[in-house]
Amino acid sequence: MPCRIRHTNIRDVKIVEPHIANDARGLFFDSFDQEWFEENVARGYTFVQDQHMVFSRNVLTGLHYQIQQPRGLLLRVVTGEVFAVALDLRRWSVTFGRWVGERISSANNWQMWIPPGFAYGFHVRSDVAEILVRATSKRIATLSALFA
């Protein structure tokens, strides 16, 4: 799974830009490989839940987070485009309170790695956006919160 890793202005938040094989028949890329992820993006994480979301144009989600049992997320857009945001909530971090945003779309096929301890949300910029989120721990409704 040869990909390019792009660092953002918050060191732990990374953009994964896949190598895409594209020819007259169509395109192909590996969207996830656990071994490659651990070697190149972040070590020590196992993904336990995938979530699938579909939103319409101009939906602005709140910034979702779990302080107890924080979740790491690998966000990918299958259809459409979003402006995805990660906000650092780790009080011990030098980037506490800072945020980073990226356009993630089905056209660029990028993925955003958001480590545990961050809030995340997005603004839908296309008519429809279909989003897949791979999480390192399950979403627990009683522990989930958001900035609206």
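Values quoted throughout were computed directly from the atomic coordinates according to the rules given, and no laboratory measurement underlies them. Because the structure is a prediction, the values reported are computed rather than measured. Neighbour counts are summed over all protein chains in view; Cβ atoms, including those assigned to glycine, are modelled from backbone coordinates with ideal geometry.
Structure notes:
- Among the residues of the stretch 101-132, those that are in contact (Cβ under 8 Å) with a residue 40 or more places away in the chain, part of a strand (DSSP E or B), surrounded by fewer than 21 Cβ atoms within 10 Å (Cβ to Cβ) and under 16 Å from the mean Cα position of the chain (by Cα) comprise Glu102, His123, Glu130, Leu132.
- All positions within the stretch 34-73 that are of a type in the set (D, E, K, R) and within 27 Å of Arg90 (Cα to Cα): Glu35, Glu38, Glu39, Arg43, Asp50, Arg71
A quick yes/no check of all residues on (1) surrounded by fewer than 13 Cβ atoms within 10 Å (Cβ to Cβ); (2) of a type outside the set (Asp, Glu); (3) without any contact (Cβ under 8 Å) to a residue 40 or more places away in the chain:
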position	(1), (2), (3)
Ile10	no, yes, no
Val13	no, yes, no
Phe28	yes, yes, yes
Glu35	yes, no, yes
Val94	yes, yes, yes
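- Taken over the stretch 133-148, the residue count meeting the criterion of being of a type outside the set (S, T, N, Q), in contact (Cβ under 8 Å) with a residue 24 or more places away in the chain and surrounded by fewer than 17 Cβ atoms within 10 Å (Cβ to Cβ) is 8.
- Filter result for Gln51 (of a type in the set (S, T, N, Q), outside any loop (DSSP other than H, G, I, E, B) and within 22 Å of Ile140 (Cβ to Cβ)): yes
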